[in-house]
Amino acid sequence: MNESLVLLIGDLAWPVTVLLITSIVLISQREPVGRLIDRMRTVSFPGGQAQLAVPEERAGLISEVLGSLSDRLGLPSATPLPAGNQIQNREPVLAPSSQPMMQVKTLAELRAGAANILTELAFPPPPAGIGTVSATIDVLRTRGVLDTEQAASLNRMIEVADEAASGALVPPRVQAAVQNSGTAILDQLELLRTVAGRKCEEYILDTLRQRAQGWIVDFDRAIPRDGSAMPRAQVDALVTAGESSIVVEVRARLRPFAVGQIETARDWLAALPTDLPVLIVMLGERLPEREQVRIIGDHQAPVGFLLWDIEPDMLIARLHELMTGARISQALES
């Protein structure tokens, strides 16, 4: 046998051997290998799993998201113009954007567009900053901008989009649902931007109504300052418990270093009786001390600031605290 033939047989032996071994393993271990392949259809990643094929039933989810937003957008009614001798305080309803909405064709585009609008809706950002899209949705739910069902359906939509981004195949039915409803979903979120501040204000006041058991709560009250020619200040709520009263005021746009909002709050507070305690409810981060002092000015009664994003359960406790402090102060002065 010549040397070339020996080399040829040697070169062919290893591939044939590997093929035989592979065939034997596949035949003898068919069931375990099958289970391994099944497991490979799911890709694990920190925080969850993504299917390599988006279930076709997710097409109904896209329509569900659109329905939850359009059916229960809950646009607040327009605020009547204040009288000439009143200082207005309600959060404004903004004009819709005149820019045309992007035409959504894919889940990736729908997710990106929704994430951008949701981030803008969560302004001012919470004290911890802007986190994941899911965390942003939860912030908006806590603020009352989204209700529980809207938040849940949006979270499921983001999960499906993340599955697709992780490599899952998008069935034609799901793709068609995105093309039919994706742009409308972004339109509804954009419309929500115009009323986010007002919805938050109304949600906090509704929470006050539910929790203020045994107290008298007078909403949208105009309060004059005794012995002053200043215009009357309109307040979100005047809470009365026994002989004590306190103003609850929601300022959804008040935030650190926003000079215009700080000066507006200062002018509003200056129009109130100086002996009336006030609790200002705001979003985002706490104001620096100097800005709090700027707003309080010469107001004599206690003025508190409640951060709704991190201490919503403290609403009633802070009202008790401020009213008690006012009573103690009045007793000492007398």
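Each value in this text was obtained by applying a stated rule to the coordinates, not by laboratory testing. All values reported here derive from a predicted model rather than from experimental measurement. Note that each Cβ is placed from the backbone with ideal geometry, even for glycine, and that neighbours are counted across all protein chains shown.
Peptides 123-135, 243-255, 296-308, ordered by how many other C-beta atoms sit within 10 Å of their residues on average, highest first, read 243-255, 296-308, 123-135. Counting only DSSP beta bridges with both residues in region 199-333, the antiparallel share comes to about 55 percent. So, R0 is 22 Å and r is the distance between the beta-carbons of VAL217 and ASP275; what FRET efficiency does that work out to, to 0.05? The formula returns an efficiency of 0.65 here. Would you mind getting me the FRET efficiency between ASN180 and ALA152? Use the beta-carbon distance for r and R0 = 25 Å, nearest 0.05. Once rounded, the FRET efficiency stands at 0.70. Computed over region 97-179, relative contact order equals 41 percent, with contacts defined as Cα pairs under 8 Å that lie 6+ residues apart.
Starting from 0.36 nm per residue, how many nanometres of slack lie between GLN210 and ARG173 once their C-alpha separation is accounted for? Result for the pair: 8.9 nm of gain on full extension. Using a cutoff of 8 angstrom between alpha carbon atoms and counting only pairs six or more residues apart, the relative contact order for region 199-333 works out to 21 percent. Here the label points at VAL259 and LEU191, each 7 Å from Cα along the C-beta direction, are separated by 3.8 nm in the simple model.
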